[in-house]
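Heads up, the thing below is written out as structure tokens.
Throughout, read-outs are computed from the coordinates displayed, never taken from laboratory work. None of the values given here were measured: they were computed from a predicted structure. Quick reminder, even Gly has a Cβ in these numbers, built from the backbone with ideal geometry, and neighbours come from all protein chains shown.
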Amino acid sequence: MVKAMYTKLLVHVPTERSPRAAIDASVTLAMTCGAELEAFAIGYESINDVPFVAEGAAAMAPVFEAQHLHALERANGALAVFEVEAKAANVKHRSRALGASFAEAAAIVSSSARLADLSIVSQPDPGRETCDNLLPQTLLLQAGGPLLMVPYTFHGALNTRRIGICWDGSRLAARALRDAMPLISKANALTVLTVNEPASVEASPDRLLARLASLGLPARSIGLQADHSDIQAMLLSAAADESLDLLVMGGYGHSRLREVVLGGVTRDMFRSMTMPVLMSH
């Protein structure tokens, strides 16, 4: 179950809000792992921003071109900040600026993320409605790999010494556990957090503790009881009590037509996280 450290990371650098959280977390994690870091920044284009012109497509071409160039300027501006930090940290990196619609950008970044070991994003800012806020949940469901999300207020070095494993015995919890093993195997302290007992005795917290111990990874377990609407708050409260640096959990949700629908606990974590969370879908 123990995997080698991540060798390739992908980070989404926001252009519609501060890029600091994503840059700080991704650069410090790349330093820790000795990993290559690929950064994407997107200047979003929208047909709704282009005025109607009766003369047709030919007359509209300069307008579309101007919008595209402006979008690329926004993306390159965000990446300039990333480049300074990555070079200062001596991290192997490359970056890509996109001027595209949200759908086009989401498809490109999701496809690229499938060749990365881990994707890093900053939490959506609940006070703003932007395309940058929508991309993290799209990546969670479409990338096919783990997503590390840091609070939008995050800054400084990313610590992963004390890790909490959210365990309900489900497939997604198991997927998150495996995807996080490069970090779990290097942690100083591990805590298994269980809210209500898993339905399967075969995947009980005690059996998870035994499995981790067999890998030389001793952990302690905390059992919690909560109504479904209170699970996210209970997990964050327990994580704060244990002074955890990172939570590992399954990311629940699905795509319905073009709409992303997150599960209740996952949705609440997106909205109100207080520490970095590694999710897998």
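The table for this structure:
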quantity	calculated
Test set (1) closer than 16 Å to Ala21 by Cα; (2) within 17 Å of the chain's Cα centre (by Cα); (3) outside any loop (DSSP other than H, G, I, E, B) - Ala78 fails condition number	(2)
The one condition in (1) buried (at least 17 other Cβ atoms within 10 Å of the Cβ); (2) closer than 25 Å to Ala233 by Cα that Ser185 fails to fulfil	(2)
Residue match in the range 147-164 (condition: outside any strand (DSSP E or B), under 12 Å from the mean Cα position of the chain (by Cα) and under 14 Å from Leu246 (Cα atoms))	yes
So Met234, is it crowded, with 21+ Cβ neighbours inside 10 Å and assigned to a helix (DSSP H, G or I)	no
